[in-house]
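Reviewing the structure listed below.
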Amino acid sequence: MRRAAKALLSCVLLILPVGCQHETQAVHAVAVATGLKVAEVRVVQVPSASPLVGTVRAEESASLSSQVVGRVTAVLVREGDMVRAGQTLVRLDDGMARASVTQAEGTVQAAEHNLDAAEAQAALAVSTLTRYQMLRDQKSVSLQEFDEVSRRSEAATAQLAVAQAQLTAQKAAASAAVTMEGYSTITAPFAGVVTARHVDPGALASPGTALVDVNRAGPLQLVVTVDESLLRDLQPSSALPVSVPAAAAQLITGRVAQIVPAADAASHSFQVKIDLPALRDLLAGMYGTTFVSASTRAALLAPQAAVVAHGSIHSVWVVDAQHIAALRYVAPGSTMGSDVEILSGLSAGEQVVLSPGDRELGGMQIEAKP
């Protein structure tokens, strides 16, 4: 009996440390987060000038309206459609205009017939006057008869001049009628893209009311307002860094195309147009930022996707050398493409988690995916 108890005690003593060891390992086990990406915080040289925000626009744009009052019968384009120069965009009811053209053409034909008759009368009167001049020289007609023939010739010549003037006036009226009929068709002034459609069939068009907006195809420009104190740093064709977040993740290079020579009297600022390179995602209407000064400064940049905002508080999840995540509060500055400047809270070279969402990652081991 005593020997069995000793054996049992020995087994308990042998098992006890093993159980404690497993319990200790369970306490120190670290949770693992997968499916996340990390990025490095880096220092980049950026322009030191204050940013100037502007709007991306086409070099040429047109807001097309009707020159006459008329009912819209067809709108043949929508926003985003590419159009060629001269392509029909909108049609108006042209019933009255066509009737006016038909009437004017009939009047022209009548005036042409009157002119033919006046020319025949004038030719007859001239030939008759010539014969009477010969008879007068031969003393075969009286002076009274000759004077009557002479006056009829002058009247026929005057009637011919009237007929010619009437034909010219009727042709001008017909041309005006054709022009008015042409106003019933709204065409594209140049090749480009439709940016706005303001009417639908059935609407009443009137002069000055926009129907369709068209931007000329080709490179776009960033239009900004520059204070007069910065003009000395600008020259035509000079290169400027430009940020258009919706179209490019990185800074792009634009060139000054035009400095409008007239200043705004109230703000003492000038409009500057900057040519932009052709980018697939660059569209008119986007906002962009440029920097006038050529000097640069060192900025600490982190991806915007790493910064989590809770009201006015911003934070990131920092991954240490052992791949363990810890929450860090930061002070963000201005955005630069897909990055944001970090004013405090991070150091260059640190790794931050991208798009963490609302996950609680504190103390977890991050297995970053490539």
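We did not get these values from a lab; they are worked out from the coordinates using the rules stated. Just so you know, these numbers come straight off a predicted model, no measurement behind them. Cβ: placed from backbone, ideal geometry, glycine included. Neighbour counts: every protein chain shown.
Details
- Given (1) of a type in the set (D, E, K, R); (2) within 30 Å of Ala117 (Cα to Cα); (3) surrounded by fewer than 15 Cβ atoms within 10 Å (Cβ to Cβ), index of the condition Asp200 fails: (2)
- Restricted to the range 300-370, the set of strands (runs of 3 or more DSSP E) holding at least 3 residues that are over 25 Å from Thr289 (Cα atoms) comprises 313-319, 325-336, 351-354, 365-368.
- Here Ala117 meets each of (1) of a type outside the set (S, T, N, Q); (2) surrounded by fewer than 15 Cβ atoms within 10 Å (Cβ to Cβ); (3) free of Cβ contacts under 8 Å to residues at least 40 places away in the same chain with one exception, condition (3).
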